[in-house]
Amino acid sequence: MARQKCALITGITGQDGSYLAEFLLEAGYKVIGMVRRTSTVNFERIKHFQHKITLVTGDLLDEVSLITILREYRPIEVYNLAAQSFVQTSWSQPVFTGETTALGVTRILDAIRIVDPDIRFYQASSSEMFGRVREVPQVEETPFYPRSPYGVAKVYGHWITVNYRESYNLHASSGILFNHESPRRGLEFVTRKISHSVARIKVGIDTELRLGNLDAQRDWGFAPDYVQAMWLMLQQEQPDDYVVATGETHSVREFAEIAFACVGLKYQDFIVQDERFMRPAEVDLLVGNAHKARSVLGWQPVVSFEELVRIMVEADVKFLKEQKL
């Protein structure tokens, strides 16, 4: 009898990790989730299926822990989604961001090289690597110009993945994912901040929403659509790098307008611009061309921008109403 396929996910308690774990469970995988031994790990996103997965303690700062996990569980696929993943925080914690988001990738690639070079590896690259964009839309060959310590760290993680792929013949692929959101997005991200604030205003808890640059534009997709692309990359015969995006661009203002409209309100009545939420160096226009992912992987986004905003607002309204009961 064939052994059940096993996958290791670092960052399993995050938005992407939780959706990817669900996807892999449905596909028949045994799922191993790596978590750090800290008091701040939040299991909220995975609690409804936590009994179906195996959680193990490890840290991207400690290569020995990674080697130990790989030797014990023998995964055939490793998805590296763990990182200091918030751009704003990377300004106040630049060294820690580099240790986890950059050097952490080297440690896990090296662990794979040592334990089992046949393991297939996925690296979560980011559209933030493009930063001050050199061309619009961005494709796999677009030069990187990161505008934050987070973006810089992601560029290192991306290139070290390419380096190990070419130097040690590893099946290592990077997904250059553009912004992807969901009701499981952290409250520190502007999309979830908007949907959650809209819900709080709707149920009478708050009276205003403070935001930074309303004109910043992003390519926003739905996270469950994007984790499927991660899996598809590791099913290919040859490893490669892929932009994963919708190809559409929308402003923060437009996101807020649709979100307030979902509950019958006008955004102009509630939004206050606040200098505290402006980035030291803003990324103005990120929009990806996912032609390669569509043609090679057969991937395409399913949920539209308007549908994404509605899903997030409705989930937050439902959550707050349940809290008040």
> List the lysines whose alpha-carbon lies under 22 Å from that of K266, not counting same-chain residues fewer than 8 positions away?
Replying inline: K193, K202, K318, K321
> For Rg and Dmax of the Cα atoms in Å, the choices are (1) 19.5, 63; (2) 26.7, 86; (3) 18.8, 54; which was calculated from the structure?
Replying inline: (1)
> At 222 nm, what helix-only mean residue ellipticity would the chain give, in deg cm²/dmol to the nearest 500, using -39500 (n - 2.57) for each DSSP H run of four or more?
Replying inline: -11500 deg cm²/dmol
> So what are the radius of gyration and Dmax for the Cα set of region 1-109, in Å?
Replying inline: 14.0, 52
> Under a 5 Å amide H to amide H cut-off, with H placed in plane at 1.01 Å, what residues pair with L209 once short-range neighbours are removed?
Replying inline: I271, V272
> Sorted by accessible area with a 1.4 angstrom probe, largest first, how do E307, E128 fall?
Replying inline: E307, E128
>> What is the angle, in °, between the Cα long axis of helix 15-26 and the longest principal axis of the Cα atoms in the chain? Nearest 10 is fine, range 0 to 90.
In response: 60
> For region 15-74, which chymotrypsin sites (Phe, Trp or Tyr not before Pro) are both in a DSSP coil and crowded by at most 16 other Cβ atoms within 10 Å?
Replying inline: F43, F49
>> For region 136-270, place one equal point scatterer on every Cα, skip the solvent, and apply the Debye formula. What is log10 of I(q)/I(0) at q = 0.10, 0.15 Å⁻¹?
In response: -0.44, -0.84
> Packing-wise, with mean Cβ within 10 Å as the measure, how do 179-185, 148-154 rank, highest first?
Replying inline: 148-154, 179-185
> Quick one: Karplus J couplings for region 134-146, per residue in order, coefficients 6.51, -1.76, 1.60, θ = phi - 60°, nearest Hz, x for Gly and Pro?
Replying inline: 8, 7, 10, x, 8, 10, 4, 8, 4, x, 7, 8, x
> Quick one: helix 305-324 against the long Cα principal axis of the chain, what's the angle to the nearest 10°, folded into 0 to 90?
Replying inline: 80
> Helix 104-115 versus the longest principal axis of the chain: what angle, 0 to 90°, nearest 10, using Cα atoms?
Replying inline: 30
> Straight-line reach from K154: which aspartates and glutamates have Cα under 12 Å away, leaving out those fewer than 8 places along the same chain?
Replying inline: E99, E128
> Residue-wise, which Karplus ³J(HN,Hα) couplings in Hz belong to region 74-84, taking 6.51 cos²θ - 1.76 cosθ + 1.60, θ = phi - 60°, and x for glycine or proline?
Replying inline: 6, x, 8, 9, 10, 10, 8, 9, 6, 5, 7
>> Taking all protein chains in place and a 1.4 Å probe, what share, in percent, of the accessible surface of the chain do carbon and sulfur account for?
In response: 49
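The values are calculated or read from the model by the stated rules, or taken from the named source; none is laboratory data. Bear in mind the structure is a predicted one, so any value in this text is a computation, not a measurement. Don't worry about glycine lacking a Cβ; one is built from the backbone with ideal geometry, like all the others, and counts go over all protein chains shown. Heads up: the accessible areas ignore ligands, DNA and RNA and are worked out on the full protein's heavy atoms, side chains in. Shrake-Rupley method; radii C 1.70, N 1.55, O 1.52, S 1.80 Å.
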